[in-house]
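**Student:** There's a structure below that I have some questions on.
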Amino acid sequence: MKPNNSYQLYLGGALFLIVSSTLVLLEYFEVLAAFIGVILLLALSIHTSTLIPFFILTIPLSVNYALPGGIRINLPSEFLLLYTSALIGYKVISGFRLSFKIWDHPISSILLLDLSWTLITTLFSDQLTISLKRLIIKILFVLVFYYIIPQILKNKEKLQYIFYLYGIGLIIPIIYTTYQHFNLGLGQDTSIL
């Protein structure tokens, strides 16, 4: 490691500790979580191949969070979806080539029809901001998971690895939900709470 790189690493680590400690002392735990998340994303963004598995692993761990204005967002999945879309958009602008062969598949036609219908219902919605958010997330979801990730992870073993990661991420919500259901008596009437 060059001296300049180690100096930057120590400086970055010291700044991280100072900011984190200050946020803990001021009891800004949500800001601390966001700060750590941004640092983690920046570290993972060095290689897209490390960001995508992290993204897949955290999808089942998403929680609903209310934003000002009555809009709700699933964190970290929707934030990571926006971030991954922006990162891949940057890579495409920088010269990464995507194949358009997948759009000839019949499932692509069904997805485009679904997106078109969502656009039509958004235009005539009573709650335009909520419908627009849903449309944007749906478009990004189709682009990232249906179109781009299979092109980045062309190897069959890599795609199986993604499914395994998703399954591992599901373990925590399964255990938590089973525990909560067990505490409520495992009855039919408590399962719909």
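The values are calculated or read from the model by the stated rules, or taken from the named source; none is laboratory data. These numbers were taken from a predicted model, which means no experiment stands behind them. Positions of Cβ are backbone-derived with ideal geometry, glycine not excepted, and every protein chain shown enters the neighbour counts. Surface accessibility is based on the protein's heavy atoms, side chains included, excluding ligands, DNA and RNA. Shrake-Rupley method; radii C 1.70, N 1.55, O 1.52, S 1.80 Å.
**Student:** Suppose all protein chains stay in the model; what accessible area per residue would a 1.4 Å probe give for the range 42-193, in Å²? Each step should come with its number before you reach the end.
**Tutor:** Values: 10560 Å² over 152 residues.
Dividing the accessible area of the range 42-193 by its residue count gives 69 Å².
**Student:** Under Stokes-Einstein, with the Kirkwood radius over Cα pairs standing in for Rh, what whole-number D in µm²/s applies to the range 77-171 at 25 °C and 0.890 mPa s?
**Tutor:** Details: Rh = 15.1 Å.
D = 162 µm²/s.
**Student:** Could I ask something else about it? Which distance in nm do the two modelled labels at Trp103 and Ile130 give, with both placed 7 Å along the Cα-to-Cβ direction?
**Tutor:** 3.3
**Student:** Ok, one more. Once both labels are modelled 7 Å past Cα along the beta-carbon direction, what's the Thr22-Lys156 spacing in nm?
**Tutor:** Output for this residue pair reads 5.4 nm.
**Student:** Something else now. If you bin the C-alpha pair distances of the range 48-128 every 5 Å from 0, what whole percents do you get?
**Tutor:** 3, 11, 12, 14, 21, 23, 11, 4, 0
**Student:** Now for a different question. At 1.567 mPa s and 4 °C, plugging the Kirkwood radius over alpha-carbon pairs of the range 114-165 into Stokes-Einstein gives what diffusion coefficient in µm²/s?
**Tutor:** Details: Rh = 12.6 Å.
So the translational diffusion coefficient is about 102 µm²/s.
**Student:** Add +1 for every Lys or Arg and -1 for every Asp or Glu among the other residues with Cβ under 14 Å from the Cβ of Leu119, and state the total. It would help to have the intermediate numbers written out before the result.
**Tutor:** Working: positive: Lys133, Arg134, Lys138; negative: Asp114.
Once positives and negatives cancel, what remains is +2.
**Student:** Summing +1 for each Lys or Arg and -1 for each Asp or Glu, what net charge is found among the other residues whose Cβ lies under 15 Å from the Cβ of Ile136? Walk me through the intermediate numbers first.
**Tutor:** Working: positive: Arg72, Lys133, Arg134, Lys138; negative: Glu78, Asp114.
Here the charged neighbours net out to +2.
**Student:** Projecting each Cα onto the charge dipole of the range 43-193 (Lys/Arg +1, Asp/Glu -1 at the beta carbon, about the Cα centre), which of Pro76, Ile102, Phe124 comes out farthest on the positive side?
**Tutor:** Ile102
**Student:** Pick out, in residue order, every one of the trypsin sites (Lys or Arg not before Pro) in the range 132-193 that is DSSP loop and has at most 10 other C-beta atoms within 10 Å; say none if there are none.
**Tutor:** Working: sites: Lys133, Arg134, Lys138, Lys154, Lys156, Lys158; in loops: Lys154.
Loop-located and lightly packed - Lys154.
**Student:** Looking at the range 46-127, which trypsin sites (Lys or Arg not before Pro) are in a loop (DSSP not H, G, I, E or B) and have at most 14 other Cβ atoms within 10 Å?
**Tutor:** Within the range 46-127, the qualifying trypsin sites (Lys or Arg not before Pro) (loop, at most 14 other Cβ atoms within 10 Å) are Arg97.
**Student:** Now, a different point. Highest mean first, what order results for 164-170, 142-148 on Cβ atoms within 10 Å? Intermediate results must be reported in sequence, preceding the final value.
**Tutor:** Details: 164-170: 14.7, 142-148: 17.7.
My ranking of the peptides, most packed first, is 142-148, 164-170.
**Student:** Quote the accessible area belonging to Glu30 in square angstrom, nearest 10, computed with a 1.4 Å probe and with ligands, DNA and RNA left uncounted.
**Tutor:** Solvent-accessible area, nearest 10 Å²: 130 Å².
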